[in-house]
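The values are calculated or read from the model by the stated rules, or taken from the named source; none is laboratory data. Owing to the predicted nature of the structure, the values given are computational and were not obtained by experimental measurement. Cβ placement follows ideal geometry from the backbone for every residue including glycine, while neighbour counts extend to all protein chains displayed. The accessibility values were calculated without ligands, DNA or RNA, using every heavy atom of the protein model including side chains. Shrake-Rupley method; radii C 1.70, N 1.55, O 1.52, S 1.80 Å.
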Amino acid sequence: MLRKSLWGLLALSFSGAASADWGLNMPKGVTELSVETYNLHMMIFWWCVAIGVVVFGVMIYSLFAHRKSKGAKPADFSHSTVAEVIWTAIPVVILMVIAIPVAETMVKLEDTRNPDISIVVTAYQWRWHYKYQDEDIAFYSSLAKPSLDARRKQSGIDPFAVDNYLLEVDRRLVVPRDAKVRLLITSNDVVHSWWVPDFAIKKDAVPGIVNETWFTPTEVGVYRGQCTELCGKDHGYMPVVVEVVEPEAYTAWVDTHREADAPQVADAQ
Ligand SMILES: [Cu+2]
């Protein structure tokens, strides 16, 4: 029984579709850099698998082949310079092989120059505020009403009946496809963290500090995330929802959401 379920788990973790359902692996995402990050992650994963197979292979073979019952005699040397040089040099080479592509990607991740759109993201206990720097658009993005109602104690509402329970907001962040979106992330009170797995972005929002990041989504869709820094009692109730739309739809959205015409959030402070 146990063996059966272990094999089942193993089989599941190696089949792509199942791992997506189970969330065992990170998503590939919808930006060039999220795909790059995913590929790095997989490359390093397979390096680790190979190292594990070699190291444990040698260890298990040695234990088995040189066991006492076969009359093995322990060696009595205390140092082997050759072995020490080898087991230092090989990891150094492996780390260098890994470090080069990783550094390339990290440099790209930090390159926030020449954005098409800049958005100031300010975290509040417990909602997000978005301000488009070049447009007259600014709004709060809070947990959507159906989730808010269902999460109340003894609400009587089945959370499983709520679409995207705790992962939906009243006003989504809207950005166009194929645009370089720069985020300037800060906080109004405590440390929060803006996280959208499909963009491979998780950036802390720290009071008094502006953190920068950027993404260029390549696919239209709705991408969800959460605050990932324990920020108080409603930490679990401040999701992030980003809607990526076609450039024309974005222009239309901007036209209808300029501050003058946009509905104001009643409890905005
Ligand atoms: Cu938070």
- Mind checking whether some residue in the range 242-259 is within 11 Å of the ligand (Cβ to nearest atom) and open to solvent by 30 Å² or more (accessible area, probe 1.4 Å)? no
- Query: Which residues, counting only those in the range 205-223, are crowded, with 20+ Cβ neighbours inside 10 Å and either within 16 Å of the ligand (Cβ to nearest atom) or part of a helix (DSSP H, G or I) (or both)?
  - Reply: A205
- Query: Going through the range 95-114 one residue at a time, which ones are exposed (fewer than 14 other Cβ atoms within 10 Å of the Cβ), in contact with a strand residue (DSSP E or B) (Cβ under 9 Å, 6 or more places away or on another chain) and in a helix (DSSP H, G or I)?
  - Reply: E110
- Query: Is there any pair linking a residue in the range 216-242 that is of a type in the set (G, A, S) to one that is in a loop (DSSP other than H, G, I, E, B) and surrounded by 14 or more Cβ atoms within 10 Å (Cβ to Cβ), with Cβ under 8 Å and at least six apart or on different chains, and which?
  - Reply: G221/V30; G225/P239; G232/Q125; G232/W126; G232/V190; G236/L166
- Task: With the checklist (1) at pLDDT 95 or above; (2) farther than 30 Å from A179 by Cβ; (3) within 16 Å of the ligand (Cβ to nearest atom); (4) not aliphatic (A, V, I, L, M) in hand, flag the one item G52 doesn't pass.
- Result: (3)
- Query: Are any residues in the range 170-204 of a type in the set (A, V, I, L, M) and within 16 Å of the ligand (Cβ to nearest atom), and if so, which ones?
  - Reply: L173, L183, I185, V190, V191, V196, I201
- Message: Looking at T88 and the list (1) touching a Cys at 6+ places or on another chain (Cβ under 7 Å); (2) under 30 Å from N39 (Cα atoms), which single condition is not satisfied?
- Response: (1)
- Note on the structure: Taking the range 146-163 and keeping only residues that are closer than 18 Å to K233 by Cβ and either of a type in the set (G, A, S) or open to solvent by 100 Å² or more (accessible area, probe 1.4 Å) (or both), one is left with S147, A150, R152, K153, Q154, S155
